[in-house]
Amino acid sequence: MAHTEVKIGKTDVTSTALGLGTNAVGGYNLFPNLKDEDGLELVKTGLQSGIQLLDTAYVYGLGHSEELVGQAMKDFDRHDITLATKGAHDFTTGEQVIDNRPEFLTAQVEASLKRLNTDYIDIYYIHFPDHDTPKAEAVGALQRLREQGKIRAIGVSNFSLAQIKEANADGYLDVVEDEFSLLHQDHGADMLPYLKDHNISFVPYFPLASGLLTGKYDHDVNFPSEDIRSQIADFQEPRYSDALAAINQIRPIAAAHDATVAQTVLAWYIKNPLISIVIPGAKKAAQVAANAKAMDVTLSDAEYQTIDQAFVKFQHKTSGKSLADPE
């Protein structure tokens with residue numbers, strides 16, 4: 001079936017309302033035991049399932065994710081793909097440094113183009129803010145790259161509302177990516193209305209809250225200390241029990257649509273007027289194919305409100321990020 005096309009900001013970049021986050025494609029520094037062939041299969045399955053947006057970043061495997069995404073795209077028409085990547089991390093000293101200087105970002109874009117094996121990037125994000133670079137200057141560098149046809153839309157990720165306003169001083173900003181989910185609604189009150197008013201698209205990451213919102217967990221879960229989930233607040237009490245109770249209210253709606261809990265949650269984001277594209281990640285090709293089916297689940301207004309209300313207590317508490325900023 002035909003899926004709704006979403007327009008990014010004021011640009012002519014379009015995408016399906018559901019994309020694919022690729023931090024588990026080549027992100028060997030983020031996840032243990034990743035295999036390149038699994039990553040390639042993930043991306044190809046996404047594109048075969050009708051997903052248009054691929055979201056990667058230099059820091060996923062220090063360029064390796066971009067290389068694999070570039071490789072996986074070879075069998076597809078580049079013009080059917082909306083390609084997003086991000087940069088700001090500098091590891092040349094051996095230490096991680098966040099850098100938004102115009103010359104650094106310009107070099108990063110050129111390096112990403114090579115790794116992705118393409119001559120343009122649809123959305124380029126400044127991945128994290130640094131302390132010193134004036135944000136409008138950083139975005140200005142991306143605007144010059146846009147004028148050269150190397151990028152088509154300008155984004156920032158993990159920026160505060162004040163930093164977003166500074167970045168958008170010249171009106172060049174098209175899209176913002178940040179953590180947001182039914183369990184992490186910290187931005188709902190301040191940032192999202194500003195973005196809507198300024199025709200800036202919003203792309204939430206971690207929409208399934210590290211898998212918690214798929215409905216696959218119960219009270220008996222236990223993570224080993226090297227598992228990233230052992231450090232995440234969502235899996236600590238009493239927050240964890242509150243989340244499970246809210247998720248249980250999604251189950252009857254999912255059943256009514258012959259859908260999974262994860263597909264129903266993703267359908268909620270797709271219906272949310274403040275959200276443009278939702279980018280769940282995956283480690284298995286079957287998960288990608290299943291997530292893509294969320295585009296076929298159309299919630300009624302009443303069902304949307306029921307889910308919204310189930311998570312109402314998560315709207316009024318600042319949850320903090322699942323993962324710390326790289327500082």
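Residue under question is ILE279, and the condition is that it be modelled with pLDDT of 95 or more, under 25 Å from TYR60 (Cα atoms) and surrounded by fewer than 22 Cβ atoms within 10 Å (Cβ to Cβ); does it hold? No.
Taken over segment 201-227, the criterion of being surrounded by 15 or more Cβ atoms within 10 Å (Cβ to Cβ), β-branched (Val, Ile, Thr) and more than 15 Å from the chain's Cα centre (by Cα) is satisfied by THR214 alone. Looking only at segment 55-88, residues that are touching a Gly at 6+ places or on another chain (Cβ under 6 Å) and not in a helix (DSSP H, G or I) come to 4 in all.
Quick grid of which residues meet (1) hydroxyl-bearing (Ser, Thr, Tyr); (2) touching a Ser or Thr at 6+ places or on another chain (Cβ under 8 Å); (3) at pLDDT 95 or above:
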site	(1), (2), (3)
ALA189	no, no, no
ASN222	no, no, no
SER230	yes, no, no
ALA233	no, yes, no
THR264	yes, no, yes
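Give segment 153-184 a look and list any residue that's in a loop (DSSP other than H, G, I, E, B) and either surrounded by fewer than 22 Cβ atoms within 10 Å (Cβ to Cβ) or on the phi > 0 side of the Ramachandran plot (or both), or say none. The answer is ASN158, SER160, ALA169, ASP170, GLY171, TYR172. GLU67 meets the conditions (1) over 16 Å from ALA285 (Cα atoms); (2) under 18 Å from the mean Cα position of the chain (by Cα); (3) crowded, with 17+ Cβ neighbours inside 10 Å; (4) of a type outside the set (Lys, Arg) in every case but one. The failed one is (2).
Conditions tested, residue by residue: (1) under 16 Å from ALA153 (Cα atoms); (2) touching a residue at least 24 places away in the same chain (Cβ under 8 Å); (3) among the small types (Gly, Ala, Ser); (4) surrounded by 20 or more Cβ atoms within 10 Å (Cβ to Cβ).
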residue: THR85; (1), (2), (3), (4): yes, yes, no, yes
residue: GLU103; (1), (2), (3), (4): no, yes, no, no
residue: ALA107; (1), (2), (3), (4): no, no, yes, no
residue: SER112; (1), (2), (3), (4): yes, yes, yes, yes
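For segment 235-283, name all the residues that are farther than 24 Å from LEU42 by Cβ, assigned to a helix (DSSP H, G or I) and either charged (D, E, K, R) or touching a strand residue (DSSP E or B) at 6+ places or on another chain (Cβ under 8 Å) (or both). Result: ARG239, ASP242, ARG251, LYS271. Screening LYS86, LYS114, LYS74 for residues that are charged (D, E, K, R), touching a His at 6+ places or on another chain (Cβ under 6 Å) and within 26 Å of GLY50 (Cα to Cα) leaves exactly one candidate, LYS86.
The values are calculated or read from the model by the stated rules, or taken from the named source; none is laboratory data. As the structure is a prediction and not an experimental result, all values here were calculated from the model. All Cβ positions, glycine included, derive from the backbone under ideal geometry; neighbour counts span all protein chains shown.
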